[in-house]
Amino acid sequence: MLTCPCHLPVLFIVLAGTTAGAFLCAHWGIVAVALITVFSVSVVLTWRAVRPEDS
């Protein structure tokens, strides 16, 4: 759930004032693409684990 792209604004707020927050703000496009990729892979792997007969 943490890698869900819709939680990116929440990460900005939670990490505000930290080095990680500064990195997120400076490179938000790269971070968004990375989070979308990680989230998509995790959804696909979860779907395959839950429904192995459909793979």
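In terms of overall dimensions, the chain has a Cα radius of gyration and Dmax of 14.2, 47 angstrom.
Hey, what angle do you get for helix 28-50 against the long axis of the chain, alpha-carbon based, 0 to 90 degrees rounded to 10? Compared with the principal axis, the helix lies near 20 degrees. Packing-based ranking of 8-20, 24-36 yields 24-36, 8-20, ordered from highest to lowest mean Cβ neighbour count within 10 Å.
Values quoted throughout were computed directly from the atomic coordinates according to the rules given, and no laboratory measurement underlies them. Because the structure is a prediction, the values reported are computed rather than measured. Virtual Cβ from ideal backbone geometry, glycine too; neighbours counted across all protein chains shown.
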